[in-house]
Each structure stands twice: as C-alpha cells, then as structure tokens.
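Student: Okay, here's the structure, questions in a sec.
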Amino acid sequence: MSLIATEITKRFRDVTAVDNLSFSVQRGSLFGFLGPNGAGKTTTMRVVLDIIRPDEGQVTWDGTPFHRLGRGFFGYLPEERGLYPKMRVVEHLEFLGRIHGLDKRKAHIETARWIERFDLGELRHKRIEELSKGNQQKVQTIGTMLHDPELLVLDEPFSGLDPVNTALLKEVLLEAHKRGKTIIFSSHRMDQVEEICEDIVLIDQGHLVLHGNLKQIKRSMGRQILRISLEGNEDFWYKIPGLELLASRADYQEFRLGENADPNSVLREAMQAGQVIRFELVEPSLDQIFVEKVGVGA
Amino acid sequence: MIPILVKREFTSRVKGAAYIITTILGIVVFVGSSFLPPLLQRLSESMTPSHIDLVIYEQPGESSILPYLEQVSVEREGFTVRSGSDLDEREAYRMVLDEGLSGLLLVDGPLYTLVSPDVSNVMLNDEIETILNLAVSRQNAVRLGLSAEDMASLFRRADLRVREVSPLGVDGEEVDSAAHTQAMVLAYFLLFMIYMALIMYGNMVASGVAEEKSSRIMEVMISTVKPLELMLGKIIGVGSLGLLQFLIWTGTGLLMNTIGASGALGMVLGVSEPLSTIPLDTVLWFGLYFVLGYFLYASIFAAAGALVSRVEEVSQVVSIIMMLIIVGFFGAYISFLNPNSTFAVAASLIPFTSPMVMFSRIVLGSPSVLEVLASVLILLASVLVGAWVSGKIYRIGVLMYGKRPTLRQVLTLVRG
C-alpha cells in the first residue's frame, strides 16, 4: 500500500463533509473514486493533496505525509477547470511545467511533445480564452501530466471531452499506468470506471460505503443478475417468486434473482414458455452496485 | 518558485493594454507639464487687464481722493483716471458704457463702490482695489503728516531668519527658507507618488487575486505552490511593474528637465534647478518607505482579494484599505505644518500611516535617530506580521466561493 488515508474527518462549520474516512491506494493502480453528488469526493481529494487540512486523521504516501512530498510528486485536475485566460497555450503549459519543478529546457521539450500528442499544434500560440471549452480542458489535462508525476489525481477527467479525445485520454492514462504511475480519478460514468479501474472506493455523505478490488466487490455481491432471451411467452416470469424485472432490452430481459429463487427452476419455466436463446447469470454492473448501495442514480 | 511566479505576473501584464495605456498617459502628463508653465504664463498675461480707465464720482467733501489716484496713474503704466463729479450719476454711467471704460468709482466718505460693466472680471477688480489702497494710504499719510520715507519705513517687512538649536548645544545651520520651501514641495511630490502607488498597485494586487479565483486557476496553483509564495509572487510581480512604470516616468521627467530649463519636475517642484539637487538620502528614504509601505498594504490588498469570488466585488472590500491610505496621506499633509508635533510623531510610528508621515518628517524636519529607528522597526515587524496574517486569510480565502465571509469569520480563520 502506498497511499494510506487514516480516519480523515473534515467539517465546514456545522456540515461534516468527510466523516472518519479510511482507505488505501496501491502504488501503480488505477483507482476509481466514486460517490453521488455532494458525497465529499472533492473535499477528500483536496485533503489528499494537502490543499486543505483535515480536522482529524492524516494521509501518507509510504509513511511520508503529503505536504513533504514536493511539488513535482502529483498532478491535479480539479473539477472546476481554470487557467489564466490571457496566457498563450505554449506559455501556459511551460509555466505549469515550471511550477511543478521542471527546468526551463525540460518544460519546453515536454510542452512541445504533449501539444503534438493532443493535437493542439495549430492552437499553440492562441490565448487560452480563445480556445473552446474542450480544448481548454485538454490544455489543463496536459498541465497535470507534463512533469510526469508519480500520482495523478483527476476529478471527472472525461467530462466535456468528445469521444475521440476521451479515447485519447484513456490511452494516455493506460500508458502512464503501464509505467507504474498511480492514478486516482473520479467519474460519474460508471461504465468508464468499470472499463479502466482495478480498485475503487465508494463514498456517500462523507462515509465509506465500498472499498477494494472491483472484481472482488462484484463477486461478493453474488451472481444475482439474470439475462434471459426467448422466443415465445415473454411474460412467463410472473408466476416465479423472487424474480424482479430490472430492464427490458431489445434482445433480452434483465432480472434480479431473489434469495429464495433458484436459477435452475427459472430455466425450466423458461424452456416451457418457449425457445430459450440466451440464459445468463452475470455479476452486477458497477452502475447497479452504485444504485443499490447509494440508492440514487449516478 | 517565486521568481517563476513573478515572471509570469510581469510578462502577462506588461503587454496588457491597461498597463501600456497608463504608462503612456503618465509620459504625456510629464511631457505636457513641461510645456505647461510658458503656456500658463501666456494665459495669465492675456487675462490681466492691459488698461484701466476709471471715472471718479465723488460726493462733495473735505478731501478728495482724486489727486492721489492721479499721482498713482502717473507712476503706473496702463492706468488713467478722470473726474466725473461734474456729471450727474446717470450721465457718468452712460459715459462708462459708451466709451468702454473699466468702471465708475463712487466715493462716499470711506465707502467706495465700483460700478463696472464687467463685474465678474476678478482680476480687474483686484487690480483696481490695489490701486485704490495705494491712493488711500497716500492720502492718509498726508493727513497724518508723514513723509515718503516715513511711509516706506512703516511698510518695511521684518527679515526673519530661522536657526535651529540642537540638543547637543551646537548651533545648527541657518535654515534657508527657499530651500525649506523646495524641500516641502519635493516632500509633497514624493508623498503623492507613494500615495498613488499604494492605491494603484494595491488595487492591481487585489483584483489580480480575485481574477485568479474567478478563473478557477487558483485550485491548481494552491495544490502546487505554498499560499505565501503565491501571494509574494503576485505582490513582487505587480511591484516590479510599478517600479518599471515609475522609472519610465522619472526618466521622462529627467529628460524633459535637461532639455528645457522649465522641465516637468522643475515645474512640479517649483524650482528650475536640475533634479540633481534632490539629496541622495531623500531618495534612499523614499525607497525604503516606499518598499515597506507597499509590502504592508499589498499583502492586505491580497488578503482582501482572496475574500471575494468575483472581480466586481473587489472595490467593496478594498474601500476600507483605501480609507487607511487616505488617512495616512492627510496625516502626512497635516504633519507638513509642524513635523515635530505629537500628532506627527504618533502618526510616524503607526505602521499604516508611517510610510507617508515618517518619510515627510525626514524630508522636512529632523526627527531623532531613535524615532526613525523605531518607525522603521515597527513598520518592518508589521510587514512580517501582515504577510503572515494575510497569508493565512489567503490560504483559506482562495478556496472559498459564494457568500463573502463576515469580519468575525475572517478573524476565526486567522486564529484557527
């Protein structure tokens, strides 16, 4: 374990934003940080990055408190994006590289390399305020990675990006992951988290709800989701106790299997109702886990 | 770290329209003011009446003022006088209007009334009053039997010289009153420079911080850079912009000063001597109090900027700080009259007023070494405390959006 957050509590006047929260992030992992709106994600990230001090608890990296790690150690993309509107793209990126500890030459080289990578060549001498929102976000995302930090903390990195740039960013993140960098990111899009994260933490109202390896979490939830597709009487399931329809898709129906329901008897009923094309027991999606644990949609 | 921040602050603003425009405007003022004195002179010449024609209408009495006015008209060019006593009043009015005379002077005992077609010409009225007084005092002299010499000695002014006695018992040098006036004008000019700089660049710091907050770059900055470093980078960056601007302006002033005898600074200082007469120690004291004063106020301005969410709100919070600066300015102004009064001594120790008051006192009077030392030390300590407190407010304020905190909440932040 590298990043260890121990019993963090942060109050703002009479609101407790984070309440006795502990979690850990393994070095080199792709870590999903989840929770509904107002769960305390941003506050926790700020505490991790030592932007605000917790009222109680501490965060360490290999035993070292975060404020002693040096400014080149992490890259941070806050949820509220912001750049100096009057600065030019190249100028701004070199400046961000410099304040994260790169020397002049290195900042120049890395800026040129990343501008190429993110296809911003034509905009290099434009002012930030002249750029579209999406391009501004690209510039800011580059700014968090320019100095090749050990730890990347990205708050909703994909929001506002088109599919092409989303794919590009995913690629870049996976590349950094391969080089052993630790990446923590939050997202509302559970499918994106599911696609790239190995470990997650789910918080709600400042409390820890779930924490651990995503596969293990899913397994522990049990194979309770049943997907059936058949030609014939699709309403056969009415009679079966413990079966709850979750969704009717174009080519299949999705059910939650109650504790007293037996998949084998469901299959027998289905076979009597018609020609079974698909009968599948699956793990719940992260989306479903989220809804179940937190009670509201992401 | 700080040099990188200073450089960004400097380069991003130095090319900005606002900065270039104020710099050019300042140059225009300096250059323009060197052409101003001859222009003003010509203007005032055109306004003084070139010729005064008076008609005197006297009530018959014991002694007439007319002979004395005639005496003055002989000595004074551009003044003629005639009697209108043989006319009736109505005819006298007619004459003034028809012949375009300056006015009709009605004399009734000690009461003089000027009837003029141009009553609002203050310069004309003043001139006539001077002439009339001259004539009246001559009339009185004759009545009292005084000779011309007696008159001259009656109006001779005393020649007062001022010499300072120092506590050590050594006689001070004689104070040259012309030099004192020059020192006063110089002190006033430099004082005004400090005042302007505090307000201009202080506001620039406050709105700069608010801009960083409203553009939301602050969170990225604060995750990388210590709040105090961020604040100092801003203060030094804006300060260096101000320094450059002042150097350009002073350079222009010097240049104009060397070119024309009635140079810009010469005009401002009321002297036509070159600027090199400004003593070096004055320049050094100016530098010291300027820098310390700027740091103290700029850090307060920065904290104020950190407390608002949008640039538009800046002017509301900085108004209190502006009041402090204005109080300092007027304190210094009052101290001019008596640089060693209790008020001046007290104001030169209080850090918010001392940059302006103590500097003025040094240029004008001679405060004791102990006073100067105390003032500098208190100011220096205040700069450090101010930076520390502002740094704390800044650290928390920069991430606070929405409703502006109350003063009590700010105090809790500082203590916590």
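Student: Taking the alpha carbon gyration tensor of the range A:223-282, what are the square roots of 5 times its eigenvalues, largest first, to the nearest whole Å? If you can, show how the numbers build up before the last one.
Tutor: Values: eigenvalues 48, 33, 21 Å².
For the range A:223-282, the semi-axes come out at 16, 13, 10 Å.
Student: What FRET efficiency do you get for B:V291 and A:S159 if R0 is 35 Å and r is their Cβ-Cβ distance, rounded to the nearest 0.05?
Tutor: Details: r = 46 Å, r/R0 = 1.32.
So the FRET efficiency works out to roughly 0.15.
Student: Using a basic spin-label model with each label point 7 Å from the Cα along Cα→Cβ, how many nm lie between A:K106 and B:Q59?
Tutor: Between A:K106 and B:Q59, the label points sit 10.1 nm apart.
Student: Nearest 100 Å², what total accessible surface is buried between chain B and chain A (probe 1.4 Å)? Numbers along the way, then the final one.
Tutor: Details: alone 23600 and 15500 Å², together 36910 Å².
That pair hides around 2200 Å² of surface in total.
Student: How long are the semi-axes of the ellipsoid equivalent to the range A:3-215, from square roots of 5 times the Cα gyration tensor eigenvalues, in whole Å, largest first? Write out the running numbers ahead of the final one.
Tutor: Details: eigenvalues 169, 68, 56 Å².
Taking √(5λ) for each Cα gyration eigenvalue gives 29, 18, 17 Å.
Student: If you don't mind, another one. Across peptide A:44-52, what mean number of C-beta atoms from other chains lies inside 10 Å of a residue's C-beta? Don't jump to the answer; show the numbers that get you there.
Tutor: Numbers: counts 0, 1, 4, 0, 0, 4, 2, 10, 4.
The mean count of partner-chain Cβ atoms within 10 Å per residue comes to 3.
Student: Is there a simple number for the mean count of other chain Cβ atoms within 10 Å of the Cβ of residues in A:75-82, and what is it?
Tutor: Details: counts 3, 5, 3, 8, 2, 7, 5, 10.
Taking the mean over all residues of the peptide, I get 5.
Student: Toward the positive end of the charge dipole of the range B:51-149, about the Cα centre and with charges on Cβ (Lys, Arg +1; Asp, Glu -1), which of B:L134, B:L146, B:L114 goes farthest?
Tutor: B:L146
Student: Another question, then. Could you list, bin by bin from short to long, the percent of Cα-Cα pairs of the range B:1-125 in 5 Å steps?
Tutor: With a bin width of 5 Å, the distribution comes to 2, 9, 13, 13, 11, 7, 5, 5, 5, 5, 5, 4, 4, 4, 4, 3, 2, 1, 0.
Student: Here's another thing I want to ask about it. Probe of 1.4 angstrom, ligands and nucleic acids ignored: what's the accessible area per residue over the protein assembly as shown, in square angstrom?
Tutor: Values: 36910 Å² over 714 residues.
About 52 Å² of surface per residue is accessible.
Student: List the pairs from A:K10/A:K138; A:K133/B:K392; A:K104/A:K181; A:K106/A:K181; A:K181/B:K392; A:K181/B:K226 whose alpha-carbon separation is above 27 Å, in the order I gave them. Could you put the intermediate results ahead of the total?
Tutor: Numbers: A:K10/A:K138 31 Å; A:K133/B:K392 33 Å; A:K104/A:K181 24 Å; A:K106/A:K181 20 Å; A:K181/B:K392 33 Å; A:K181/B:K226 25 Å.
In this structure, A:K10/A:K138; A:K133/B:K392; A:K181/B:K392 lie more than 27 Å apart at Cα.
Student: A further question on this structure: Return the carbon/sulfur percentage of the accessible area of the range A:140-249, one whole number, probe 1.4 Å, all protein chains in place. Intermediate results must be reported in sequence, preceding the final value.
Tutor: Numbers: 2320 of 4990 Å².
Its accessible area is 46 percent carbon and sulfur atoms.
Student: Here's a follow-up. Angle between the Cα long axis of helix A:104-117 and the longest principal axis of chain A, 0 to 90 degrees, nearest 10?
Tutor: 40 degrees
Student: Mean residue ellipticity at 222 nm from the helices of the protein assembly as shown, using -39,500 (n - 2.57) per DSSP H segment of n ≥ 4 over the full residue count, to the nearest 500 deg cm²/dmol? Could you put the intermediate results ahead of the total?
Tutor: Numbers: 25 runs with 381 residues, N = 714.
Result for the protein assembly as shown: -17500 deg cm²/dmol, rounded to the nearest 500.
Student: Count, for each residue of B:8-17, the Cβ atoms from other chains sitting within 10 Å of its Cβ, then give me the mean as a whole number.
Tutor: Mean number of neighbouring Cβ atoms from other chains: 2.
Student: Then there's this: I'd like the distance between the alpha-carbon centres of the range B:44-114 and the range B:339-369, rounded to an integer number of Å.
Tutor: Measuring centre to centre over Cα atoms gives 54 Å.
Student: What is the spin-label model distance, in nm, from A:I277 to A:E56 if the labels are put 7 Å beyond Cα along the C-beta direction?
Tutor: 5.7 nm
Student: Which FRET efficiency, nearest 0.05, do B:T113 and B:M322 yield, Cβ-Cβ r, R0 51 Å?
Tutor: Values: r = 50 Å, r/R0 = 0.98.
So, using R0 = 51 Å, E works out to roughly 0.55.
Student: Take the protein assembly as shown, compute every pairwise Cα distance, and split them into 10 Å bins from 0; I just need the percent in each bin.
Tutor: 2, 11, 15, 15, 13, 11, 9, 7, 5, 5, 4, 2, 1, 1, 0
Student: Given charges of +1 on the Cβ of Lys and Arg and -1 on the Cβ of Asp and Glu, with all other atoms neutral, how large is the dipole of the range B:51-149 about its Cα centre, in debye to the nearest 20?
Tutor: Details: 6 positive and 18 negative charges, 42 e Å.
Dipole of the range B:51-149, to the nearest 20 debye: 200 debye.
Student: So what's the gap between the Cα centers of the range A:109-165 and the range B:185-240, to the nearest angstrom?
Tutor: If we compute the Cα centre of each part, the gap is 29 Å.
Student: Output the peptides B:347-360, B:14-27 sorted from most to least packed, where packing is the average of other Cβ atoms within 10 Å over each peptide's residues.
Tutor: Working: B:347-360: 25.0, B:14-27: 12.6.
Highest mean packing first, the order is B:347-360, B:14-27.
Student: Roughly how many nanometres apart are two label points built 7 Å out from the Cα toward the Cβ at B:R157 and A:E269?
Tutor: 11.8 nm
Student: Of all accessible surface on the range B:51-149 at a 1.4 Å probe, what whole percent is carbon and sulfur? It would help to have the intermediate numbers written out before the result.
Tutor: Values: 3070 of 6030 Å².
It is 51 percent, rounded to a whole number.
Student: Nearest 10 degrees is fine. How inclined is helix A:133-145 to the longest principal axis of chain A, computing both from alpha carbons?
Tutor: Between helix and principal axis, roughly 70 degrees.
Student: In addition: Can you tell me the 0 to 90 degree angle between the C-alpha axis of helix A:163-178 and the longest principal axis of chain A, rounded to 10?
Tutor: Between the helix axis and the principal axis of chain A, the angle is about 80 degrees.
The values are calculated or read from the model by the stated rules, or taken from the named source; none is laboratory data. In this text the structure is predicted, and so the values were computed from the model without any measurement. For neighbour counting, all protein chains shown are included, and Cβ atoms are generated from backbone atoms with ideal geometry for every residue, glycine included. Accessible surface areas use protein heavy atoms only, side chains included; no ligands, DNA or RNA. Shrake-Rupley method; radii C 1.70, N 1.55, O 1.52, S 1.80 Å.
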